[in-house]
1. Kindly check whether there is at least one residue in the range 144-154 that is without any contact (Cβ under 8 Å) to a residue 12 or more places away in the chain and either under 23 Å from Ile52 (Cα atoms) or not assigned by the TED database to the domain that holds Ser74 (or both).
2. When both residues are 6+ apart or on different chains and their Cβ atoms are under 7 Å apart, which pairs have a first residue that lies in the range 100-125 and is under 21 Å from Val179 (Cβ atoms), and a second that is surrounded by 16 or more Cβ atoms within 10 Å (Cβ to Cβ) and among the aromatic types (Phe, Trp, Tyr)?
3. Going by the conditions given, is Leu95 free of Cβ contacts under 8 Å to residues at least 60 places away in the same chain, part of a helix (DSSP H, G or I), open to solvent by less than 10 Å² (accessible area, probe 1.4 Å) and closer than 20 Å to Ile14 by Cβ?
4. Run Glu31 past the list (1) within 24 Å of Leu180 (Cα to Cα); (2) open to solvent by less than 30 Å² (accessible area, probe 1.4 Å); (3) modelled with pLDDT under 90 and report the number of the one that doesn't hold.
5. Does Val293 fit the bill of being open to solvent by less than 40 Å² (accessible area, probe 1.4 Å), over 19 Å from Lys27 (Cβ atoms), β-branched (Val, Ile, Thr) and modelled with pLDDT of 95 or more?
6. Would you call Asn50 open to solvent by 50 Å² or more (accessible area, probe 1.4 Å) and in the same structural domain as Leu138 (by the TED database)?
7. How about the range 99-151: which of its residues are of a type in the set (A, V, I, L, M), modelled with pLDDT of 85 or more and either assigned to a loop (DSSP other than H, G, I, E, B) or open to solvent by 20 Å² or more (accessible area, probe 1.4 Å) (or both)?
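The values are calculated or read from the model by the stated rules, or taken from the named source; none is laboratory data. Owing to the predicted nature of the structure, the values given are computational and were not obtained by experimental measurement. Note that each Cβ is placed from the backbone with ideal geometry, even for glycine, and that neighbours are counted across all protein chains shown. Quick note on the areas: whole protein, heavy atoms, side chains included, nothing else; ligands and nucleic acids left out. Shrake-Rupley method; radii C 1.70, N 1.55, O 1.52, S 1.80 Å.
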Amino acid sequence: MSSSHGETVMQKPINEYALYLKSLIPKNIPETYALNPMFEDVADEENIRNGIIAFRDYLYLFCERLISDGHLYSKPHKTKNLEDYPFINNINHLLIEIGYHSQFNENGDSLLITEIPLFTLPKPKVPFSKQVECLQFLTLCGFVFSGIDLDGKKIEFTEGQVLEVTYPDNPLVLTGLKVLSIAAKELWRRFYNNADNLLRCDYRAIKAEDSDDYDILKEFLQSLPEKLQKFGLELHQRYKDMGMTCVELHDDANHFAYANTKKSKKTLSRRDIFQKRVWEFSLSVKYGFCLVVRMKKADKYADIIEGFPLVLKEKILQGYGCDRKLRNEPCQGGCQGIRIPFDNSVLEMKKDIEIWLDNEVM
């Protein structure tokens, strides 16, 4: 389901990726929501919710540091996955390990840890040569690590050694880290969300109940101008009212997809629903926000297409499929559907887009 489809491309500089990552961090986290009971031993509910908000605020600082200093740690390279930034992935794994394997001290204002398994195995998940630089970068973001040599070549634990982790500016950051790390280890579900990715601050992973899909989409569209957000939510409600099922997924892009599932005779997984999608909102590093339509019925409403604005008509008539086979062009993810940038230009053809989707859905 990778959007690269095997095509090797050059990454964006890490500061540009940091801006994209920052856009995924939830701006409006509810003040109250019921928590999964599995977290009741970590802290009381109010402190956990406040800890999630504190960790979200830390992530904004993390992204700002990536924008200003990330180039010192990570250079663009050719890759098949535009979200493959090893330095960022290493920090994500390190934070999960610290949060999951540590315990609070008596005052609750520091985390104590005696082992970081994935970093100290004979073949660690993060190379020894990269471990210390991850810790050094985290100190730029406000973390303090006591009991370990940050000038050494790798993280080393001797018997009885304790690493103390603090965040002096706001100790509640540690509570958020602890809770989200537990979710990453124990609640992660492939092809559903990136709960193993702390850098999204997916607070919904720790809720007792699933979130309403309208609210999830509202959060998904949060970085767009208000009129585009409104149109996106209108499309969502329109096709939900027609009986479509929507599903949110993350791979190397972010998807909010809509499928007709009423005739399905078996229980469908999120991935199954995604494979049946008719259209979706998609957000990726490569293409930004797009409306993507997997058109199948154009021959049945060809006369209606003739009346569409030229730019939309040309997109539809061009069709979709493998770029190499159809147009002898490098892969541009054409097999995913007809991709329309979800920007202010779509506001000028709102009605036409609705008519187009109506004819595909019905």
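1. Scanning the range 144-154, I find no residue that is without any contact (Cβ under 8 Å) to a residue 12 or more places away in the chain and either under 23 Å from Ile52 (Cα atoms) or not assigned by the TED database to the domain that holds Ser74 (or both), so the answer is no.
2. If the second residue must be surrounded by 16 or more Cβ atoms within 10 Å (Cβ to Cβ) and among the aromatic types (Phe, Trp, Tyr), the pairs left are Leu111/Phe104; Thr114/Phe157; Glu115/Phe157.
3. So Leu95 fails the test.
4. Condition (2) is where Glu31 drops out.
5. yes
6. Against the criterion (open to solvent by 50 Å² or more (accessible area, probe 1.4 Å) and in the same structural domain as Leu138 (by the TED database)), Asn50 qualifies.
7. Leu112, Ile116, Leu140, Val144
For every residue, the table says whether it meets (1) out of contact with any Phe, Trp or Tyr (no Cβ under 7 Å at 6 or more places or on another chain); (2) of a type in the set (Phe, Trp, Tyr).
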| site | (1), (2) |
| --- | --- |
| His255 | no, no |
| Asn260 | yes, no |
| Lys265 | yes, no |
| Ser269 | yes, no |
| Lys276 | yes, no |
| Trp279 | no, yes |
| Phe289 | no, yes |
